[in-house]
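Chemist: Have a look at the structure that comes next, please.
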Amino acid sequence: MSVRAFLKQRAVNIAVGGNYSLANWYDQNGKPRNFACRTSRVSPFRMIVDVPVVGRVGDSISSYFSDFGKLDGHISDTVPGGFLLELSVTRAMRERLSSQLSWLEKKLSDPAIVDAREQARIVPACPHSSLILADGSMHTCFVIDMSISGVAVSADVQPEIGTPLAVGGCVGRVVRHRNDGFAVKFSELQNRSELEWRIARPPARNSVAEARVERLAAEKPSEQWTDAKPRNEDGSGTFVLDA
């Protein structure tokens, strides 16, 4: 099915974070490479997913979402920064997914239900941004979440800890690797009201951001760049920098 046809079908417009792996994409240890992702529209049969690496029509996908669990399928159509995933699930799993979507849709429409998560973590409306490294190379990336002190991203590159770079117009260093990406700590706190705009802003070559990355690369990384810890007690989960 095409994305255009799916947009005409009954579905729930909802953002649920997760991760996925593409067939034939492996890390340096020969294991399937994980990337972060987020749904934008979901039905019991298929979903549109925003991703850092799109893949090709027909590619097999293995994914996991916090609200839905493990979901496998294949890509039936692609759009810039995303794909349409055709779900390969049993009838029982499809019925469970339908019930979950009905509940989530009611939750979205009920103003009495308040999200109790920490306000320091921000999930941007537009998850796509760009990276620029000290050598001038640029890469697209997917923003998992962010705060005024840093950002967690997923991309087809995995810079070493301590690497200086810019995410959009925000400059910092890589402080931790995750199984689906890496975390960057900004060299200075950002203005919360401008944060999403600065992250989404594409860094231009020979820009102020690139010059600041080059200057940061000339500095010796201090311990502050390598002592970031994951919040979850088990050492896993989303990395969130304190605001």
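What follows is calculated from the coordinates using simple rules that are stated; it is not laboratory data. If you're wondering where the values come from, they're calculated on a predicted model, not measured in any experiment.
Chemist: When the Karplus curve 6.51 cos²θ - 1.76 cosθ + 1.60 is applied with θ = phi - 60°, which whole-Hz ³J(HN,Hα) does each residue of the range 170-181 get, with x for Gly and Pro?
Modeler: So the J values, rounded to whole Hz, are 9, 9, x, 10, 5, 10, 7, 9, 10, 6, 10, x.
Chemist: Also, I was wondering about something else. Label the range 1-147 by shape, choosing from rounded, prolate and oblate, from the square roots a ≥ b ≥ c of the eigenvalues of the Cα gyration tensor; if a/c is under 1.5 it is rounded, and otherwise prolate applies when a/b is larger than b/c, oblate when it is not.
Modeler: Details: a/c = 1.77, a/b = 1.20, b/c = 1.47.
Here the range 1-147 falls in the oblate category.
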